[in-house]
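Just so you know, all these numbers are worked out from the coordinates, no wet-lab data involved. For clarity, every value in this text was computed on a predicted model and none was experimentally measured. Every residue, glycine among them, receives a Cβ derived from its backbone with ideal geometry; neighbour counts consider all protein chains shown.
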Amino acid sequence: MTADNEFFWTSGADGRLRLRECESCAALIHPPQPVCRYCRKQQLGKREVSGFATLIGFTVNHRFSLPGLPAPYVVAQVAIEEDPRVRLTTNAVECDPGELRLGMRMEVVFEQLEDVWLPLFRPAAEQGEPAPLPRDEIEPDQLGGLVRPMVTPEKFEDKVAITGIGMSEIGRRLMVPPLSLTVQACERAVADAGLSLDDIDGLSTYPGAGMYSGFGEGGVAALEAVLGIRPTWYNGGADTFGPGGSLIAAMLAIAGGLARHVLCFRTIWDSTFGELVKAGRVSPPGVARTTSWLTPFGATSAAHTLAQNAQRHFHRYGTTRETLGWIALNQRANAADNPTAIYRDPMTMEDYLTARTITTPFGLYDCDVPCDAAVAVIVSAKDTAKDLPKPPILVEAVGTQILERIEWDQSTLTHEPQVLGQAAHLWSRTSLRPGDVDVAQLYDGFTFNCLSWLEGLGFCGIGEAKDFLDGGKNIARDGVLPLNTHGGQLSHGRTHGMGLIHEAIAQLRGEAGARQVPDARVALATSGGLTPSGVLLLRTDT
């Protein structure tokens, strides 16, 4: 508890639910903030509300357990009746999960745990017709009018090129220090570019040194301590355009004259880290402030949020589990031709549908594969590329604008948040259109992420993924849009977006071997989503 949220977590002491209220415009604000996001005034108070809400999402968790909260349990989202813009993550209790329906009326019931009263929700005694899902703050058809126009006719993208890529050994539980993977990937990228470490004058990474240990190697400082590059510019942090944001930051630094060759890197060793936590050799990650509104209810994974977004997409557009299954099957088929992929065995739709449930509607094969790996990319000044051994890969455009709510459970209902805005922004910076893309590498931490990017980027219409994906033909390597050709994170391994960028570059160079898409000239890669994301539209020089 903090001074800002104590009123919320203790309001149940008298059985009443209270929320932050703007005294200027009467809007309810959740999570509590020091400023009203609607009128931006700072006259804030607290309002007692009825405790009734609409059920707008739920997922039955089978995979994760917390002390005092063994699986299975129901993570739910409800919209407050007084202001449906306010949504609470909670648990649905005193009910059969099989009888829950979107749009049901729910009522609060508090559970006291020491000095905290958790607001849980049960179906109300009186039920009318199910209520419709509330509208998003910004609906997909409104995004275009909110995209900010280019500030100048000159694009920083035109001043840079991608000149080198490298990937470390990749595998499950490699049990090696993460920094050794970082160095391996970086040395391979530098060599691939025909450079030496002495040519590197910039370093850029995501998420830097601030994340928990399994999520990185220690950031720029850790790599500089090992290699002694002495960069003139460096950057590291999670508040950027997804994992690929390190590349976009590098492009800006080069366009601004701060560096000539920037080494961008990303290391993840979640697989080994998890084993070390089990063995008691390292401490598990703590609870971040941004997820502290979710964790008390067992919503410990991004899966719990995205599963409810997928459920709402099913509800509104008729999407099915088979729709998501075609994405998983496509990635596995592509992984079969990639010798570095972790999972290469054939998979059928029956295998997909009968795999163990993680959190409904997600099964095992809807989720990416934890692994240990590092990926590095060299971004260079375009005018240096002519002196390097390999043809440069040019950057046509990037998409970065935030249009959707940041808080996971307050954001877009029917797609992965932080996809629609960045996708719309990309197309405002180029004359190319979705039909010009030869190969797409779309972030697939979960199958539903990939579906969200397909619709958000306009490869099919909003709500049309069911038809576009049916049978898997459109996204096969010989289809309309070859998708995640190296196996994606679902089968190749969770390289956290940078592996998708690596594959996009390999495809444009014609270096993808058995999985090569013929005559690939334009590639699109995305990284992130749920957290702020970024989109890269890349092309060859011909």
Suppose every K and R has +1 on its Cβ and every D and E has -1 on its Cβ; what is the size of the dipole of the stretch 1-124 about the Cα centre, in Debye to the nearest 20? 540
Roughly what would the spin-label model give for LYS473 and ALA514, points 7 Å off Cα along C-beta, in nm? 2.5
J(HN,Hα) series, the stretch 251-262, from Karplus relation 6.51 cos²θ - 1.76 cosθ + 1.60, nearest Hz, glycine and proline x: 4, 5, 5, 5, 4, x, x, 8, 7, 10, 9, 10
If you find the alpha carbon centre of the stretch 32-62 and of the stretch 65-101, how far apart are they in angstrom? 15
Neighbourhood charge, 11 Å Cβ-Cβ cut-off, centred on LEU530 and excluding it, Lys, Arg +1 and Asp, Glu -1: -4
What aspartates and glutamates sit close enough to LYS155 to cross-link, taking a C-alpha to C-alpha distance under 13 Å and skipping anything fewer than 8 places away on the same chain? GLU396
Using Cα pairs under 8 angstrom and six or more residues apart, how large is the relative contact order of the chain, in percent? 16
Convex hull of the stretch 270-398 built on C-alpha atoms - directionally averaged projected area, nm²: 13.3
When the helix-only estimate is applied to the chain (DSSP H runs of n ≥ 4, each -39,500 (n - 2.57), divided by the residue count), what is the mean residue ellipticity at 222 nm, nearest 500 deg cm²/dmol? -6500 deg cm²/dmol
Inter-label distance, nm, simple model (7 Å from Cα along the C-beta direction), ARG148/ARG281: 4.6
Cα centroids of the stretch 287-352 and the stretch 186-231: how far apart, whole angstrom? 31
Can you give the relative contact order of the stretch 455-542 as a percent, counting alpha carbon pairs under 8 Å and 6+ residues apart? 18
Residue farthest toward the positive end of the dipole of the chain, with Cβ of Lys/Arg at +1 and Asp/Glu at -1: which of ILE327, SER65, ALA185? ALA185
Give, to the nearest whole percent, the P(r) tail of the stretch 362-443 beyond 17 angstrom, counting all Cα pairs. 69
Any chance you could run the full-extension gain for ARG122 through LEU432? It's 0.36 nm times the residue separation minus the Cα-Cα distance, nm to one decimal. 106.6 nm
Shape call for the stretch 403-483, from the Cα gyration tensor axes a ≥ b ≥ c (a/c under 1.5 means rounded, otherwise prolate when a/b beats b/c, else oblate), comes out oblate
Could you tell me the ratio Rg/Rh of the chain? Both radii from Cα atoms, Rh via Kirkwood. 0.97
